[in-house]
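A.B. asks: First the structure, which I've put down as structure tokens, then a few questions once you've had a look.
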Amino acid sequence: MHLGHAPAYDIYKTHQHILTHMIIIGGSASTKLAKEIAYELGCDYIKAGTIRFPDGECYTRLDTESLDDDVAIVQNTYPDGNLVELLLIQDVAKRMGAKSITVVIPYFGYARQDRVFKPGEPESAKVMCEIIGLKADRVITVDLHKEDTLGYFKCKTRDVKAAEAIADYFVDKGIDIVMSPDIGAAGRAKDVGTRMGVSYDHLNKTRISGTEVQIKPASSDCNGKDILIVDDMISTGGTIIAATEQLKAAGAKSVVVACTHGVFINNALQRLKESALDCVYCCDTLESEASTISVSKIVANALRE
Ligand code: R5P
């Protein structure tokens, strides 16, 4: 298996830039994406000067005199330390006179703990929304696990769909079928497949444990087909490995995956490389060697609105 290659950064220089009056601030978890969003918008970019004190606590500083403009802060809230950094940058932006604060959260930590599953548990996703929402006029997320979570914010919100960026990346790459690993992601396969003009389908997944899943065969004929699996995230990689095995057993010629968020816990990327999967691609909401599909353009479009 090999990794997909990112388009050269210079490609964006061919775009028609619409200058947007906004300042983009990149937190340390999302620096590259923030810079690309600023480039798309043709607006100013400031990198938060974030370091950790010897005891691990976060220190951040914006090297500017004032922020007398609309501001967008781009920062993941995963792992936990990045959430603290975001809260500190929001405070600086507010005190330095930002006219409005948009928080762009490419990967929203705790989104999967969106309800109380057992008595005695917190509503983790709601807690995160409540604290981030204290100093935000607008929040933009990318393929949030459940869009309903945005209802916990009191400000304006928007969840940007990566399907467009994924479909545009694969449109000329000879894919026959776009497949989701479960019915929950069937809408994503439909969105990507429709935009690419190819057929789409879904597999049926049963989760046995946190690391183990069972996948039933697809109803589509996969024999000799080049298949693109799409999913919102890869965590342990168990879902994608099981789906690939099922598709290869059904005669698929090649199987590649494109997920929005490559979380890749417990050496998942290495496990995927060693599996029957032909190639792994993910979006740049989380940076890794596999994050070759940029969401900068679709986030920039959402910021323009
Ligand atoms: C499930 O709802 C998600 O869409 C992903 O399929 C899941 O989180 C992937 O997890 P893993 O990589 O651990 O199988």
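A.B. asks: Considering each residue of the stretch 153-166, count those that are under 20 Å from Y110 (Cβ atoms) and open to solvent by 70 Å² or more (accessible area, probe 1.4 Å), and give that number.
C.D. replies: Selection size over the stretch 153-166: 2.
A.B. asks: Also, I was wondering about something else. Is there a residue being basic (K, R) and surrounded by 14 or more Cβ atoms within 10 Å (Cβ to Cβ) anywhere in the stretch 120-132?
C.D. replies: Scanning the stretch 120-132, I find at least one residue that is basic (K, R) and surrounded by 14 or more Cβ atoms within 10 Å (Cβ to Cβ), so the answer is yes.
A.B. asks: Also: Do we find a residue being at pLDDT 95 or above, within 16 Å of the ligand (Cβ to nearest atom) and buried (at least 19 other Cβ atoms within 10 Å of the Cβ) anywhere in the stretch 168-178?
C.D. replies: Taking every residue of the stretch 168-178 in turn, at least one turns out to be at pLDDT 95 or above, within 16 Å of the ligand (Cβ to nearest atom) and buried (at least 19 other Cβ atoms within 10 Å of the Cβ).
A.B. asks: Across the stretch 39-56, which residue is most open to solvent (accessible area, probe 1.4 Å) among those that are touching a Gly at 6+ places or on another chain (Cβ under 9 Å) and in a loop (DSSP other than H, G, I, E, B)?
C.D. replies: G56
A.B. asks: Keeping to the stretch 73-86, report how many residues are aliphatic (A, V, I, L, M), more than 16 Å from the chain's Cα centre (by Cα) and crowded, with 17+ Cβ neighbours inside 10 Å.
C.D. replies: 1
A.B. asks: Tally up the residues in the stretch 18-38 that are more than 17 Å from I101 (Cβ to Cβ) and either under 18 Å from the mean Cα position of the chain (by Cα) or surrounded by 19 or more Cβ atoms within 10 Å (Cβ to Cβ) (or both), please.
C.D. replies: Final tally of qualifying residues: 7.
A.B. asks: Scanning for something part of a helix (DSSP H, G or I), away from the ligand (no atom under 16 Å from the Cβ) and not basic (K, R), does the stretch 136-151 turn up at least one residue?
C.D. replies: Among the residues of the stretch 136-151, at least one is part of a helix (DSSP H, G or I), away from the ligand (no atom under 16 Å from the Cβ) and not basic (K, R), which makes the answer yes.
A.B. asks: Has the stretch 207-215 got any residue that is in a strand (DSSP E or B) and open to solvent by 40 Å² or more (accessible area, probe 1.4 Å)?
C.D. replies: Within the stretch 207-215 (the criterion being in a strand (DSSP E or B) and open to solvent by 40 Å² or more (accessible area, probe 1.4 Å)), the answer is yes, since at least one residue qualifies.
A.B. asks: Consider only pairs whose beta carbons are under 6 Å apart and that are at least six residues apart or on different chains; among these, list those whose first residue lies in the stretch 184-207 and is acidic (D, E) and whose second residue is open to solvent by 30 Å² or more (accessible area, probe 1.4 Å).
C.D. replies: Filtered contacts from the stretch 184-207: D201/S220.
A.B. asks: List pairs: first in the stretch 230-254 and more than 27 Å from D168 (Cβ to Cβ) and outside any helix (DSSP H, G or I), second among the aliphatic types (A, V, I, L, M) and more than 13 Å from the ligand (Cβ to nearest atom), Cβ under 7 Å, 6+ apart or cross-chain?
C.D. replies: As it stands, the answer is A250/A218, since those pairs meet every condition given.
A.B. asks: Restricting the search to the stretch 87-110, which residues are within 16 Å of the ligand (Cβ to nearest atom), farther than 16 Å from G26 by Cα and open to solvent by 10 Å² or more (accessible area, probe 1.4 Å)?
C.D. replies: Y110
A.B. asks: Being within 16 Å of the ligand (Cβ to nearest atom) and part of a strand (DSSP E or B): is that true of D114 here?
C.D. replies: So D114 does not fit the description; no.
A.B. asks: Right, something else. So for the stretch 177-189 (the condition being over 20 Å from T239 (Cα atoms) and touching a strand residue (DSSP E or B) at 6+ places or on another chain (Cβ under 8 Å)), does at least one residue qualify?
C.D. replies: No.
A.B. asks: Continuing with this model, one more query. Being under 21 Å from K146 (Cα atoms) and of a type in the set (A, V, I, L, M) narrows it down to one of I240, I227, I215, so name that one.
C.D. replies: I240
The values are calculated or read from the model by the stated rules, or taken from the named source; none is laboratory data. All values derive from a computational prediction rather than experimental measurement. Cβ: placed from backbone, ideal geometry, glycine included. Neighbour counts: every protein chain shown. With ligands, DNA and RNA removed, areas are computed over all heavy atoms of the protein, side chains included. Shrake-Rupley method; radii C 1.70, N 1.55, O 1.52, S 1.80 Å.
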